[in-house]
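Novice: Okay, handing you the structure first.
The values are calculated or read from the model by the stated rules, or taken from the named source; none is laboratory data. What you see is a predicted model; the values in this text were computed from it and never measured. Cβ placement follows ideal geometry from the backbone for every residue including glycine, while neighbour counts extend to all protein chains displayed. To get the accessible areas, we keep the full protein, side chains included, count just its heavy atoms, and leave off ligands, DNA and RNA. Shrake-Rupley method; radii C 1.70, N 1.55, O 1.52, S 1.80 Å.
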Amino acid sequence: MSWIKPVKFVAKKLALSIAISATVISYSHADKIGYPEKEELKFGFIKLTDMAPIAIAYENGYFEDEGLYVTIEAQANWKVLLNGLIDGSLDGAHMLAGQPIAATMGFGTKAHIITPFSMDLNGNAITVSNEIWEKMKPNIPKQADGKPVHPIKADALKPVVESYKAEGKPFNLGMVFPVSTHNYELRYWLAAGGIHPGFYAPHKGDTSGHIDGDAILSVTPPPQMPSTLEAGTIYGYCVGEPWNQQAVFKGIGVPVVTDYEIWKNNPEKVFGLTAEFAEKYPNTTIRLTRALIRAAMWLDENDNANRPAAVKILSQSNYVGADYEVIANSMTGTFEYEKGDKRDVPDFNVFFRHNATYPYYSDAIWYLTQMRRWGQISEQKSDEWYKDLAKKVYRPDIYQVAAQSLIDEKVADAKDFPDFATETGYRAPQQHFIDDLVYDGNTPNAYIDAFEIGLKKSDKL
């Protein structure tokens, strides 16, 4: 059964409330998974293009197919979104990968949050102001055509930061949240170029992240990044799209490096639920995961053939609300650095390829290594501690049930998923980092000790 989809969520909710019982009854595999225990759901998101799986699952009727009717609501910032999930005003949410991990660990707000679904790979970039770009350019090698050689490393920024420090001026940079991918990617890039991004010391009550830093990283909500840069409050930022391309379109800044260049095919956002929700409503959890998997498949199928249609949806004010051209600049397989320097980056946004949706334990552990590296985890932990915490948060068991049911129904193809019979939840050692270090999720302490800048396993501030 299908319905005409009005633009406004409220109208769709009314239509769906009339037909919901018929949807559930008509679902041919309801007896295998079980009917949803909770049919009316509210999901939160931040206005970024990587919320796309939620929007597409809604617009394409995938939630309806599961007997769910969903209200989707933009949140003011990541803190508000997290609080909404914890207090139950949201049933699920588009989340920073570090948020469920940090909450479960008790860094900031304490709450057990899980994820059965990883929303995407890549999708972020680091942008600097025009003034900083002009100061960096003499330090960057050029191609034969005069354009910069990529990836641009923070080595080119280091003399600029040092000159500001010599003049007693703080070098301010923006990121979106203390446990965001953006914070860790910006820190990773800076440190790889010899710029210390600063430590946290929560055991001393210091959660600023500024201790011993050559640069000062502070929180700015994603949609406010371009205007904050333009105002001169910050000199650069790390954020997801479309807010890097927005700086290009407005002529106020230059994206210098993508997260794909910092860590090729890095995990980005996740879909988060409280552990209590998943335990109370197991069928609902599997069904919403099924819908999100189908949305991710649609976003990547036929070599991204559906991306223009997705961009049109995301450009609506009730989703991302940026101009079509701004979103399309990265979402359709290209990325524009300096104005006019548009390059092919087909994997800038990945929603399904490369097992993007599978919640790997090793992805969770990478975030934990960076939390330890920068002091958010104050003391040394054993390798087993990292692994145990990852298993509390990342739930490939739920994902497997959802994916296998789609495979059994011939809605999805087994070859597009991990081999569930042999999958361990740990990726093979990854070596595509801007500093050429190799990451193996099985040995987190050895990885932490390999960095020149950052706390080693036994250090404590």
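Novice: Looking only at residues in segment 197-224 that are touching a residue at least 40 places away in the same chain (Cβ under 8 Å) and over 22 Å from ALA102 (Cα atoms), which one is farthest from the chain's Cα centre (by Cα)?
Specialist: ASP214
Novice: OK, next. Among the residues of segment 186-213, how many are on the phi > 0 side of the Ramachandran plot and touching a helix residue (DSSP H, G or I) at 6+ places or on another chain (Cβ under 6 Å)?
Specialist: Number of matching residues: 1.
Novice: Could you tell me whether segment 349-359 includes any residue that is more than 15 Å from the chain's Cα centre (by Cα) and hydroxyl-bearing (Ser, Thr, Tyr)?
Specialist: No: zero hits.
Novice: Further question on the same structure: Can you find, within segment 292-307, the residue that is nearest to GLU64 (Cα to Cα) among those that are within 19 Å of the chain's Cα centre (by Cα) and either small (Gly, Ala, Ser) or in a loop (DSSP other than H, G, I, E, B) (or both)?
Specialist: Going through the qualifying residues, I end up with ALA295.
Novice: On to the next question. Counting only residues that are within 17 Å of GLY253 (Cα to Cα) and in contact with an Asp or Glu (Cβ under 7 Å, 6 or more places away or on another chain), which one in segment 110-149 is most open to solvent (accessible area, probe 1.4 Å)?
Specialist: This residue is LYS147.
Novice: Among the residues of segment 376-389, what is the count of those that are in contact (Cβ under 8 Å) with a residue 60 or more places away in the chain and not in a loop (DSSP other than H, G, I, E, B)?
Specialist: 2
Novice: Taking only segment 404-438 into account, find how many residues are closer than 16 Å to PRO116 by Cβ and either at pLDDT below 95 or in contact with a Pro (Cβ under 9 Å, 6 or more places away or on another chain) (or both).
Specialist: So the count comes out to 4.
Condition check ((1) surrounded by fewer than 20 Cβ atoms within 10 Å (Cβ to Cβ); (2) in contact with a Ser or Thr (Cβ under 9 Å, 6 or more places away or on another chain); (3) of a type outside the set (Val, Ile, Thr)) across all residues:
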position: ILE152; (1), (2), (3): no, no, no
position: LEU157; (1), (2), (3): no, no, yes
position: TYR164; (1), (2), (3): yes, no, yes
position: GLU167; (1), (2), (3): yes, no, yes
position: PHE171; (1), (2), (3): no, no, yes
position: PHE177; (1), (2), (3): no, no, yes
position: SER180; (1), (2), (3): no, no, yes
position: ASN183; (1), (2), (3): no, no, yes
position: PRO197; (1), (2), (3): no, no, yes
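Novice: Still on this model: From the residues in segment 242-284 that are outside any strand (DSSP E or B) and of a type in the set (A, V, I, L, M), which one is nearest to VAL438 (Cα to Cα)?
Specialist: ILE262
Novice: Given the options ASN283, ASN329, name the one that is modelled with pLDDT under 95 and more than 18 Å from the chain's Cα centre (by Cα).
Specialist: After applying the criteria, what remains is ASN329.
Novice: Which one of these is in contact (Cβ under 8 Å) with a residue 60 or more places away in the chain, over 30 Å from TYR399 (Cβ atoms), in a loop (DSSP other than H, G, I, E, B) and not hydrophobic (A, V, I, L, M, F, W, C): GLY168, GLY174, GLY194, GLY146?
Specialist: Step by step, each of GLY168, GLY174, GLY194, GLY146 is checked, and only GLY194 is in contact (Cβ under 8 Å) with a residue 60 or more places away in the chain, over 30 Å from TYR399 (Cβ atoms), in a loop (DSSP other than H, G, I, E, B) and not hydrophobic (A, V, I, L, M, F, W, C).
Novice: Condition test on GLU276, is it within 21 Å of the chain's Cα centre (by Cα) and touching a residue at least 60 places away in the same chain (Cβ under 8 Å)?
Specialist: no
Novice: Something else about it: Could you run through segment 363-420 and say how many residues are open to solvent by less than 60 Å² (accessible area, probe 1.4 Å), touching a Ser or Thr at 6+ places or on another chain (Cβ under 9 Å) and polar (S, T, N, Q)?
Specialist: Residues in segment 363-420 being open to solvent by less than 60 Å² (accessible area, probe 1.4 Å), touching a Ser or Thr at 6+ places or on another chain (Cβ under 9 Å) and polar (S, T, N, Q): 1 in total.
Novice: List the strands (runs of 3 or more DSSP E) inside segment 36-109, counting only whole elements, that have at least 1 residues being over 22 Å from ASP120 (Cα atoms) and open to solvent by 30 Å² or more (accessible area, probe 1.4 Å).
Specialist: Where strands (runs of 3 or more DSSP E) fall fully within segment 36-109 and carry at least 1 residues being over 22 Å from ASP120 (Cα atoms) and open to solvent by 30 Å² or more (accessible area, probe 1.4 Å), they are 40-45.
Novice: For segment 308-346, which residues satisfy the criterion of being in a helix (DSSP H, G or I) and touching a strand residue (DSSP E or B) at 6+ places or on another chain (Cβ under 8 Å)?
Specialist: Residues satisfying the conditions are ASN329, SER330, MET331.
Novice: Go through (1) more than 24 Å from TRP366 (Cα to Cα); (2) touching a Lys or Arg at 6+ places or on another chain (Cβ under 9 Å); (3) of a type in the set (Phe, Trp, Tyr) and name the single condition TRP189 misses.
Specialist: If we test TRP189 against (1) more than 24 Å from TRP366 (Cα to Cα); (2) touching a Lys or Arg at 6+ places or on another chain (Cβ under 9 Å); (3) of a type in the set (Phe, Trp, Tyr), just (1) comes out false.
Novice: For segment 199-227, give me each residue that is open to solvent by less than 10 Å² (accessible area, probe 1.4 Å) and among the basic types (Lys, Arg).
Specialist: Answer for segment 199-227, where residues must be open to solvent by less than 10 Å² (accessible area, probe 1.4 Å) and among the basic types (Lys, Arg): there is none.
Novice: Given the condition at pLDDT 95 or above, open to solvent by less than 40 Å² (accessible area, probe 1.4 Å) and touching a strand residue (DSSP E or B) at 6+ places or on another chain (Cβ under 6 Å), answer yes or no: does some residue in segment 289-301 qualify?
Specialist: Within segment 289-301, one or more residues are at pLDDT 95 or above, open to solvent by less than 40 Å² (accessible area, probe 1.4 Å) and touching a strand residue (DSSP E or B) at 6+ places or on another chain (Cβ under 6 Å).
Novice: Only residues that are within 24 Å of the chain's Cα centre (by Cα) and among the charged types (D, E, K, R): list them for segment 376-390, please.
Specialist: Answer for segment 376-390, where residues must be within 24 Å of the chain's Cα centre (by Cα) and among the charged types (D, E, K, R): LYS387, ASP388.
Novice: Working only within segment 247-270, note down all residues that are surrounded by fewer than 24 Cβ atoms within 10 Å (Cβ to Cβ) and of a type in the set (Asp, Glu).
Specialist: Of everything in segment 247-270, just one residue is surrounded by fewer than 24 Cβ atoms within 10 Å (Cβ to Cβ) and of a type in the set (Asp, Glu), namely GLU261.
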